[in-house]
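S.K.: Input: one structure, supplied below.
The values are calculated or read from the model by the stated rules, or taken from the named source; none is laboratory data. These numbers were taken from a predicted model, which means no experiment stands behind them. Here the Cβ positions follow ideal geometry from the backbone for every residue, glycine too, while neighbour counts run over all protein chains shown.
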Amino acid sequence: MAARRTRRTTTVTVESGRGVFMISVAAELAEMHPQTLRMYEQRGLICPKRSPKGTRLYSQEDVDRLRRIQEMTTELGLNLAGVERVLALEEQLTAAQRQLEELEGELDEARRTLRGELVPVSRTSTAVIRASDIR
């Protein structure tokens, strides 16, 4: 009877965007072969940082993205072209959400400015004349 391979879970806490894992460690954390990581980099699915000597350094964000890619390919049955499209759409959605938040902030600021300008005008006015009253 063959021995069963048990999976070990390793938890590492690092700054999420900082490249700290060499390719062998990142591959193990993502449960992939290092060559798969190189292929994903060639396709533009992942862009690890580089050390001054050119060694690939993967961040926790990179490892999370690798796991997400693996989930899409194995569990959802997407091919890499589909994964590329999903990731591109997610990036567009994130950019649109950021832009919406910025516009909402600008709108709130404009409202505050208008309210600040309207209050002094209403205090100095003694009567309001509607356009329909003037004939």
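S.K.: Just checking, does segment 98-120 include any residue being modelled with pLDDT of 95 or more, among the hydroxyl-bearing types (S, T, Y) and either within 24 Å of R18 (Cα to Cα) or surrounded by 10 or more Cβ atoms within 10 Å (Cβ to Cβ) (or both)?
M.R.: No - not one qualifying residue is present in segment 98-120.
S.K.: Ok, one more. If I ask for residues that are within 22 Å of the chain's Cα centre (by Cα), loosely packed, with under 15 Cβ neighbours inside 10 Å and not small (G, A, S), which ones from segment 40-60 would you list?
M.R.: Once the filter is applied, which keeps residues that are within 22 Å of the chain's Cα centre (by Cα), loosely packed, with under 15 Cβ neighbours inside 10 Å and not small (G, A, S), segment 40-60 yields Q42, R43, C47, K49, R50.
S.K.: Further question on the same structure: So the check is Cβ under 7 Å with 6+ separation or different chains; which pairs have a first residue in segment 27-46 that's within 18 Å of L78 (Cα to Cα) and a second one that's of a type in the set (K, R) and surrounded by 15 or more Cβ atoms within 10 Å (Cβ to Cβ)?
M.R.: I46/R65
S.K.: If you check R38, R67, R18, which single one turns out to be of a type in the set (K, R) and assigned to a loop (DSSP other than H, G, I, E, B)?
M.R.: R18
S.K.: Does any residue of segment 23-33 turn out to be in contact with a strand residue (DSSP E or B) (Cβ under 9 Å, 6 or more places away or on another chain), among the β-branched types (V, I, T), modelled with pLDDT under 95 and surrounded by 10 or more Cβ atoms within 10 Å (Cβ to Cβ)?
M.R.: No, the conditions are met nowhere in segment 23-33.
S.K.: Can you confirm whether segment 70-90 contains a residue that is within 18 Å of H33 (Cβ to Cβ), in contact (Cβ under 8 Å) with a residue 24 or more places away in the chain, surrounded by 11 or more Cβ atoms within 10 Å (Cβ to Cβ) and polar (S, T, N, Q)?
M.R.: Looking through segment 70-90, at least one residue is within 18 Å of H33 (Cβ to Cβ), in contact (Cβ under 8 Å) with a residue 24 or more places away in the chain, surrounded by 11 or more Cβ atoms within 10 Å (Cβ to Cβ) and polar (S, T, N, Q).
S.K.: Tell me which residues, restricted to segment 44-64, are among the polar types (S, T, N, Q) and assigned to a helix (DSSP H, G or I).
M.R.: Selection gives Q60 alone.
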